[in-house]
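Here, each number is a calculation from the coordinates, and none is a lab measurement. This one's a predicted model, so the numbers in the text were calculated from it and none came from an experiment.
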Amino acid sequence: MVGMFGPDMRDHGRTEARFLGITDLAEAPPVAVVVDVMRAFTVAAWVFARGAEKIVLAESLDEALALKARHPEWVTLKDGPPAPGFDRVNSPGLLRSADLDGRTVVQKTTAGTVGALAVKEASLVLCAGFVVAEATARLLRARACDRVTFVVTGEGGQADEDLACAHYIARRATGADTDAAEFLRRAGDSRAAAELAEGVRQGVHPDDIALCLELDRFPFAMVATPEDSLMVLRPCAVPSPTDEPST
């Protein structure tokens with residue numbers, strides 16, 4: 001254990017949490033929580049809230065376009081401005097009114113999808129942001145995960161919005177009462193938030209930052225599993241607090 005929020009964090013021997021960047025992963029851990037607050041997994045949660053059945057996490061823009069060519073009914077989205085072959089951009093503000101009922105969405109982003117694919121051999125892969133933080137922590141508690149690797153996808157593992165979210169979920173995974181205000185403040189003061197606010201990033205809606213910082217907006221966790229050679233993300237219902245195992 002190196003400080004409260006160092007590389008490892010343990011709570012009374014019950015849970016060991018590691019916080020690593022994508023390039024720090026020497027091998028796939030047993031349990032991985034891949035965090036991308038601004039904006040990949042906030043977008044993913046909104047995609048499910050708008051009715052999508054599943055999200056295929058593409059390894060490259062070319063793979064996303066190839067999947068679209070084979071499945072014209074699938075919806076493709078990417079970071080940045082609109083581009084030929086892509087139906088949507090990676091913005092929660094621009095997706096929150098989309099009709100995706102029953103659809104398959106193909107997502108390719110700079111960091112979030114890369115992080116999830118980097119741990120595709122893990123036994124359990126969860127993708128998370130603040131909007132599904134409590135549901136993610138509750139699923140970790142329900143499955144009695146005592147060693148969890150948080151993959152901090154942004155800025156080589158140093159993105160403060162992703163670290164803040166990972167630290168918060170790690171605390172909640174122990175069942176500890178935790179005030180989210182400081183974690184949300186860190187995320188709101190992050191470089192990613194500033195870049196979104198200043199228009200440095202393209203394909204942005206003015207409400208994106210607020211939507212990314214909407215704590216526990218959705219009641220489901222998001223689990224990624226290999227399906228037919230693809231890494232597929234789906235929403236996962238979580239036990240109610242009264243159904244969780246006692247600690």
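Structure data summary
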{"quantity": "Hydrodynamic radius by Kirkwood, which averages 1/r over all alpha carbon pairs of the stretch 138-189, in angstrom", "calculated": "11.6"}
{"quantity": "Cα pair distances of the chain binned at 10 Å [whole percent]", "calculated": "8, 35, 38, 17, 3, 0"}
{"quantity": "Principal axis box of the stretch 114-247, alpha-carbon based, largest edge first, Å", "calculated": "45, 40, 23"}
{"quantity": "Gained length - ALA210 relative to LEU230, 0.36 nm times residue gap less alpha-carbon distance", "calculated": "4.0 nm"}
{"quantity": "For the stretch 8-236, share of DSSP beta bridges that run antiparallel, in % to the nearest 5", "calculated": "40"}
{"quantity": "Spatially proximal lysines relative to LYS78 (Cα-Cα < 17 Å; intrachain offsets below 8 disregarded)", "calculated": "LYS54, LYS68, LYS108"}
{"quantity": "Residues with amide H under 5 Å from that of VAL106, placed H, sequence gap 5 or more", "calculated": "VAL56, VAL75, THR76, LEU77"}
